[in-house]
1. Any residue that is open to solvent by 30 Å² or more (accessible area, probe 1.4 Å), more than 8 Å from every other protein chain (Cβ to nearest Cβ), among the charged types (D, E, K, R) and closer than 16 Å to A:Ala45 by Cβ - is there at least one of those in segment B:34-50?
2. Would a scan of segment A:82-96 turn up a residue that is surrounded by 20 or more Cβ atoms within 10 Å (Cβ to Cβ), within 12 Å of another protein chain (Cβ to nearest Cβ) and either within 30 Å of B:Pro62 (Cβ to Cβ) or touching a residue at least 12 places away in the same chain (Cβ under 8 Å) (or both)?
3. Of everything in segment A:97-127, what is more than 10 Å from every other protein chain (Cβ to nearest Cβ) and either open to solvent by less than 20 Å² (accessible area, probe 1.4 Å) or of a type in the set (A, V, I, L, M, F, W, C) (or both)? Give them in sequence order.
4. Give all pairs with beta carbons closer than 8 Å in which a residue from segment B:102-117 that is part of a helix (DSSP H, G or I) and among the aliphatic types (A, V, I, L, M) meets a residue that is modelled with pLDDT under 90 and open to solvent by 30 Å² or more (accessible area, probe 1.4 Å); count only pairs at least 6 apart in sequence or on separate chains.
5. Restricting to segment B:76-101, name every residue that is more than 18 Å from A:Ser21 (Cβ to Cβ) and in a helix (DSSP H, G or I).
Protein chains: 2
Amino acid sequence: MACPLGIMIANKPDTSFNDCSKKLDIARDIMDVLNGKWKMEIILALLQFEKRRFKELQKDIPGISSKILSAVLKDLEANHIVKREVIDTFPIAVEYELTDYGKSLKQVLVDFVKLGINHRKEVMGGS
Amino acid sequence: MACPLGIMIANKPDTSFNDCSKKLDIARDIMDVLNGKWKMEIILALLQFEKRRFKELQKDIPGISSKILSAVLKDLEANHIVKREVIDTFPIAVEYELTDYGKSLKQVLVDFVKLGINHRKEVMGGS
């Protein structure tokens, strides 16, 4: 049975619909990485401003609490999207920036916005 | 201020980071349409089998309850992804298939799986 997604993983052909649908778990991985209220906002702020301190990010993104900002930055760090650098000043400062992988997600955000615009057209007959 | 996403909506340029980040709400629309435990599975089954009756879909997708399948199909119908046709047999049968817009989401699923594979490589250093 050919999977309509036409993607082979580790050269293993799909033998059932179930094999094929397992690939969707991989798709969900990237959705989970970007979904949630603030992840895309933080990536966007770091695309815009490049290097940013914690307090600056909090100003960039209205409504985010420092607790949530800290948790989401840790999540993005664990996913190799953001890197954190301690600057040796007094008092110590911490700067955040995107990794190369994080920067590559710009195109993904652009694609998502385009898909969303198209979706609104399809469903509402207008943007 | 140029938005790093570089997408203008209704020819309005962004004047602040806040204008730019509002576009992410549009991106979230399409993520919400596809996210959740079963939506992508149902789209995949209809890509695979084209027309499918309710009972068939339930067999295609192990673990889905009829209550959930019915709710997710209604959601996909409301989003113009699935269409429902009543077949005039006795007893009446109901068939589901993708709309043209629904079929166009195949490429989106393929792209998501590719992004997911890439994400796993980035984070775990292997697929």
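1. no
2. Step one: of segment A:82-96, the residues surrounded by 20 or more Cβ atoms within 10 Å (Cβ to Cβ) are A:82, A:96.
Then drop every residue that is not within 12 Å of another protein chain (Cβ to nearest Cβ), which leaves none.
Within segment A:82-96 (the criterion being surrounded by 20 or more Cβ atoms within 10 Å (Cβ to Cβ), within 12 Å of another protein chain (Cβ to nearest Cβ) and either within 30 Å of B:Pro62 (Cβ to Cβ) or touching a residue at least 12 places away in the same chain (Cβ under 8 Å) (or both)), the answer is no, since none of the residues qualifies.
3. A:Leu98
4. Listed by first residue and then by second, the contacts come to B:Val110/A:Gly6; B:Ile117/A:Ile9; B:Ile117/B:Ser127.
5. Hits for segment B:76-101 are B:Glu77, B:Ala78, B:Asp100, B:Tyr101.
The values are calculated or read from the model by the stated rules, or taken from the named source; none is laboratory data. Model, not experiment: these values are computed from the prediction. Positions of Cβ are backbone-derived with ideal geometry, glycine not excepted, and every protein chain shown enters the neighbour counts. Surface accessibility is based on the protein's heavy atoms, side chains included, excluding ligands, DNA and RNA. Shrake-Rupley method; radii C 1.70, N 1.55, O 1.52, S 1.80 Å.
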